[in-house]
1. Please find, within region 290-314, the residue that is nearest to the chain's Cα centre (by Cα) out of those that are open to solvent by less than 20 Å² (accessible area, probe 1.4 Å) and either among the small types (Gly, Ala, Ser) or within 13 Å of the ligand (Cβ to nearest atom) (or both).
2. Would you call Cys73 touching a Leu at 6+ places or on another chain (Cβ under 8 Å), closer than 30 Å to Lys47 by Cα and free of Cβ contacts under 8 Å to residues at least 24 places away in the same chain?
3. Among the residues of region 398-417, which ones are open to solvent by 60 Å² or more (accessible area, probe 1.4 Å) and modelled with pLDDT under 75?
4. Which residues, counting only those in region 134-157, are open to solvent by 20 Å² or more (accessible area, probe 1.4 Å), away from the ligand (no atom under 16 Å from the Cβ) and closer than 28 Å to Cys32 by Cα?
5. Can you tell me which residue among Val352, Val317 is more than 16 Å from the ligand (Cβ to nearest atom) and open to solvent by less than 70 Å² (accessible area, probe 1.4 Å)?
6. Output the residues belonging to region 147-164 that are modelled with pLDDT under 95 and assigned to a loop (DSSP other than H, G, I, E, B).
7. Is it fair to say Phe242 is within 29 Å of Lys295 (Cβ to Cβ), open to solvent by less than 70 Å² (accessible area, probe 1.4 Å) and either in a helix (DSSP H, G or I) or among the hydroxyl-bearing types (Ser, Thr, Tyr) (or both)?
8. Can you tell me which residue in region 257-277 is farthest from Ala296 (Cα to Cα), limited to those that are of a type outside the set (A, V, I, L, M, F, W, C) and over 19 Å from the mean Cα position of the chain (by Cα)?
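The values are calculated or read from the model by the stated rules, or taken from the named source; none is laboratory data. Computed from a predicted structure; not experimentally measured. Virtual Cβ from ideal backbone geometry, glycine too; neighbours counted across all protein chains shown. To get the accessible areas, we keep the full protein, side chains included, count just its heavy atoms, and leave off ligands, DNA and RNA. Shrake-Rupley method; radii C 1.70, N 1.55, O 1.52, S 1.80 Å.
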Amino acid sequence: MADFPSLGLSDWLVKQCKQLGINKPTPVQENCMPAILQGRDCMGCAKTGSGKTAAFVLPVLQKLSEDPYGIFCLVLTPTRELAYQIAEQFRVLGKPLGLKDCIIVGGMDMVSQALELSNQPHVVVATPGRLADHIRSSNTFSMSKIQFLIMDEADRLLEQGCTDFTKDLETIMGILPAKRQTLLFSATLTDTLQELKNIAMNQPFFWESKSETRTVEELDQRYILTPEKVKDAYLVHLIQMFTDEHDDWSIIIFTNTCKNCQILTMMLREFNFPTISLHSMMKQKQRFANLAKFKASVFKILIATDVAARGLDIPTVQVVINHNTPGLPKIYIHRVGRTARAGRNGVSITLVTQYDIHLVHSIEEQIQTKLKEYPVVEKDVLKILTQKLESTDFDEKKEINKRKQLILEGKDPDLEAKRKAELEKIRSQKKKFKQRIQEDIQRQKRGQLKKKLMKRKQLKKKKAAQATV
Ligand SMILES: Nc1ncnc2c1ncn2[C@@H]1O[C@H](COP(=O)(O)OP(=O)(O)OP(=O)(O)O)[C@@H](O)[C@H]1O
């Protein structure tokens, strides 16, 4: 197995790595770093937690130390928290260089960002939306001398999901020099391969970790079958079990909406679990503060939407719980990848309701692994259900939360309720009308049939009468 010097890495960087406990390159580093140091474009696809960040940070720092000039490297990433994490890796590994970095993400002060950009940082780490805003609104910085464009979680950047980066990426690409090195990394590159190849035009070096499975071996992947209605009781039971047995464990719970994030946080706090949330409806400063508290283990439980599904590297996370079964296998891969990182062990548990079985099958097919059932003592879950959930008038809280949400959306809850009731009335009238029409048709059909049968009977009678004559 190669070591860092044999891959062409300078002594000062090898020393920096050692200080961080990075002694031997991981496969993605071993394979991609020489190609990057040779000046090639590179696409690296390796499992979650396998060291993809250092695979691009180290060669960029080496090249930067040889010829620092202007804004040298631009890193694009889909989420704000991830941008800070990547910038920190650059800062720590590039300390001896006196590296100047700049983070450009939404939700933070635009004026101070513009100032930082005009100060010619070596490395800019950005989310596409905010960087595109800066490009459109000012001409105080230039990216024309950029040597490296890096797209971390590259497949997500190209996806046209709920956040579509296409327009912003076009704006950004428009000011970058054609002559540059482009590096694309993710744990799930394959389904956007062609689009990515168009971005890395220089016959990119492509490396993908060869493995039957798409999740790491150290991850124990489980599921619990639960009726939708009592899912939360199972969740409480799981957390109770983990917190009773391991006081140093952190848990991330993924759920599908910001609203559910809030509701679950409220519910788990009722049970006195140290819970904090992270979702896109929160103010950015609060998002950073909550994540910092979770990383520092002030709060052991983080409830998050998929804004936290990709890239976040928090070594203390031992358990990932999917409160909803992810609709796409890719999302599942990234979510459960928040644990069992860098060779550590971890557990993931997916709550599967009667409506989600087909989703589990497609996840299993993609990851080439069968999820195992997580044993649960039903009696204990039932206890939670009857004692606590009922006594905390949870339904009432849900209703209050619904009303709060509507107010936040600028709607009047009472008017909305009225509107909903009217809609319901119209729907039920429509249903009744349809039913009536169908009944009429049936009646007509029955009438016609009756007539036919009568005719046939009469004909038979007639024939019989003729025969006797
Ligand atoms: N060669 C190495 N030896 C030991 N640990 C390493 C090495 N390289 C990186 N690490 C550590 O491994 C952890 C995971 O790395 P990183 O966050 O880069 O993973 P990733 O492959 O980008 O994962 P994801 O796909 O989830 O974004 C980090 O804490 C990092 O410091």
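1. Filtering first and then ranking leaves Ala309.
2. So Cys73 fails the test.
3. Within region 398-417, Lys398, Ile400, Lys404, Ile407, Leu408, Glu409, Gly410 qualify.
4. Within region 134-157, Ser144, Lys145, Gln147 qualify.
5. After applying the criteria, what remains is Val352.
6. Glu159, Gly161, Cys162, Thr163
7. yes
8. Within region 257-277, the match that is farthest from Ala296 (Cα to Cα) is Glu270.
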